[in-house]
1. May I ask you to list the residues in region B:143-152 that are buried (at least 22 other Cβ atoms within 10 Å of the Cβ) and either over 13 Å from B:Gly86 (Cβ atoms) or of a type in the set (Asp, Glu) (or both)?
2. Name the single residue that is surrounded by the fewest Cβ atoms within 10 Å (Cβ to Cβ) among those in region B:78-102 being more than 8 Å from chain A (Cβ to nearest Cβ) and over 17 Å from the mean Cα position of the chain (by Cα).
3. Do you know which residues across region A:31-49 are surrounded by 12 or more Cβ atoms within 10 Å (Cβ to Cβ), over 26 Å from A:Leu168 (Cα atoms) and of a type outside the set (D, E, K, R)?
4. Just checking, does region B:46-66 include any residue being surrounded by 14 or more Cβ atoms within 10 Å (Cβ to Cβ), at positive phi, without any contact (Cβ under 8 Å) to a residue 60 or more places away in the chain and of a type outside the set (Lys, Arg)?
5. Out of region B:6-29, which residues are more than 17 Å from B:His81 (Cα to Cα) and aliphatic (A, V, I, L, M)?
6. Evaluate region A:150-159: report whether one residue or more is within 17 Å of A:Leu56 (Cβ to Cβ) and of a type in the set (A, V, I, L, M).
7. For region B:54-77, which residues satisfy the criterion of being at the interface with chain A (Cβ under 9 Å from one of its Cβ atoms), small (Gly, Ala, Ser) and assigned to a loop (DSSP other than H, G, I, E, B)?
Amino acid sequence: MNVFRAILWKDLLTEWRRRERVLSMLVFTLLLVVIFHFALPGGAGPANRAAAPGLLWAATLFASILGLGRSLSPELENDALSGLALVPGDRGYVLLGKATATWLILLAVEGVLAGLFLALFEISIGARAGALLAVLGLGTGGIASIGTLLASLSSRSRFGEVLLPLLLFPLLVPILIAAADATAAILAGDPPSSGSVRLLVVIDVVYLVVSFVSFEYVLEE
Amino acid sequence: MSPTARPSALRAVRVEKRFGHVPALRGVDLELRPGALVAILGPNGAGKTTVLRVLAGLVRPSAGRVEFPGAPRDRRLARAHVGYVGHATFLYPALTARENLVFAARLHGVADPARRAGELLVEEGLEAVADRPAGTFSRGMAQRLALARGRVHDPAFLLLDEPWSGLDPRWAARLGERLAELRQAGRGLAVVTHDVGRAAEVADSFVLLSGGRVAATLPGPSEPEALEAVLRESAAA
């Protein structure tokens, strides 16, 4: 757990000082919202409102790819990734620390993104904000764990920037389906279906375990 | 056996490594013992850095094995006994020198990371710049910080790849003294270098690599001229 805490502290401190990931993701999501605003002619009409959950999660996935692509950049300067490979014990705790930092950063950006979407589609959720945050957290959990693993794998490849989305998008489809379904229910004023929430929890656990175990070998040449 | 029991040696046994179809190491045997310093010499592409990275657990051998006699068999735990200073510094430019060392100490479970970081900063003469971001450091200062980082957990075996790189004469001499102190304290050391003169000053045995093989092993102190001659012979062969 020392390793987990150390990595989490280092990643958040580095991000606080550089603001590299947060700023690029925020600018990107802002642009996406502006594009959606002009691309959807009906404004906040019923048809567009129905599409809002899917669009929110599509935007989330694109922003996540951007953030994950940069999550390893501090590790690539000065080959610090090799320094992390020297940790005694399970290297999975390195992944856990990095994925948790990414999860927190993505969640902060998604909070802003969700606020913009709600304003764009003139949707008021009031007391359901907590439920929306929980669904965002669950959906982002899977993205952060498997995304950190694949970002590490692709970081040493010449084609890393192309490889990451190619590997990641197919694995994110189940998250997209379940999270968009749960979000649609919340935006419509209903509780999210237990099936969607359960699916998100199962995906989070499976992706986290697979990533934790595999990371031991990802850090070796 | 306690998980923290210090190993009696660090040993590469018939280690081979291929990168794709390119062989980098071909059956290398090498042993580091506590209190001894082995200099690994050889021309470019001989496999010096690869063998060091295999010993550190950064590169998985294609065949053969790395042993830590006397330590737990689990190589994940055995990593606690190895320190590695490579070509790259492993430093985070956005963190200060002190934060870099505290971070490394925390990774290795050092009991009091702040105190250990303070000690090392003094030893490396970096206390005046301890709270400056590492990204603002000169090459030599970054190298000194990297050397401190490599031994933050006081490893039983310290592996150093071109450790004099970027150091001015004063700090290069200081590094030689530090290596002697570490040997006296019972640490096993391996140094990869092209600087035969420095290797002759600090090492008590020499391994000459050529084409991924051990071309010669010279026990005991050697004169730089004798080492140069063996190096030329092995390169010609």
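1. Within region B:143-152, B:Arg144, B:Leu145, B:Ala148, B:Val152 qualify.
2. B:Thr96
3. First, pick out the residues of region A:31-49 that are surrounded by 12 or more Cβ atoms within 10 Å (Cβ to Cβ): A:32-34, A:36-37, A:40, A:44-45, A:48-49.
Filter once more, so that each one left must be over 26 Å from A:Leu168 (Cα atoms): A:37, A:40, A:44-45, A:48-49.
A:His37, A:Leu40, A:Ala44, A:Gly45, A:Asn48, listed by residue number.
4. Looking only at region B:46-66, we keep the residues that are surrounded by 14 or more Cβ atoms within 10 Å (Cβ to Cβ), and these are B:46-59, B:61-62, B:64, B:66.
If we keep only those that are at positive phi too, we end up with B:47, B:57, B:64.
From the residues that got through so far, the ones that are without any contact (Cβ under 8 Å) to a residue 60 or more places away in the chain too are B:57, B:64.
In the following step, the residues that additionally are of a type outside the set (Lys, Arg) were identified as B:57, B:64.
Yes, region B:46-66 contains at least one residue that is surrounded by 14 or more Cβ atoms within 10 Å (Cβ to Cβ), at positive phi, without any contact (Cβ under 8 Å) to a residue 60 or more places away in the chain and of a type outside the set (Lys, Arg).
5. B:Val13, B:Val15, B:Val22, B:Ala24, B:Leu25, B:Val28 - these are the residues of region B:6-29 that are more than 17 Å from B:His81 (Cα to Cα) and aliphatic (A, V, I, L, M).
6. If we filter region A:150-159 for residues that are within 17 Å of A:Leu56 (Cβ to Cβ), which is where we start, we get none.
The answer is no; no qualifying residue exists.
7. Within region B:54-77, B:Gly57 is the sole residue that qualifies.
Per-residue answers, yes or no, for (1) out of contact with any strand residue (DSSP E or B) (no Cβ under 7 Å at 6 or more places or on another chain); (2) modelled with pLDDT under 85; (3) more than 20 Å from A:Leu153 (Cα to Cα):
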position	(1), (2), (3)
A:Met1	yes, yes, yes
A:Arg49	yes, yes, yes
A:Gly54	yes, no, yes
A:Pro74	yes, no, no
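The values are calculated or read from the model by the stated rules, or taken from the named source; none is laboratory data. What you are looking at is a predicted structure, and each value in this text was computed from that prediction instead of being measured. Heads up, the Cβs are rebuilt from the backbone with ideal geometry, glycines too, and the neighbour counts pull from every protein chain shown.
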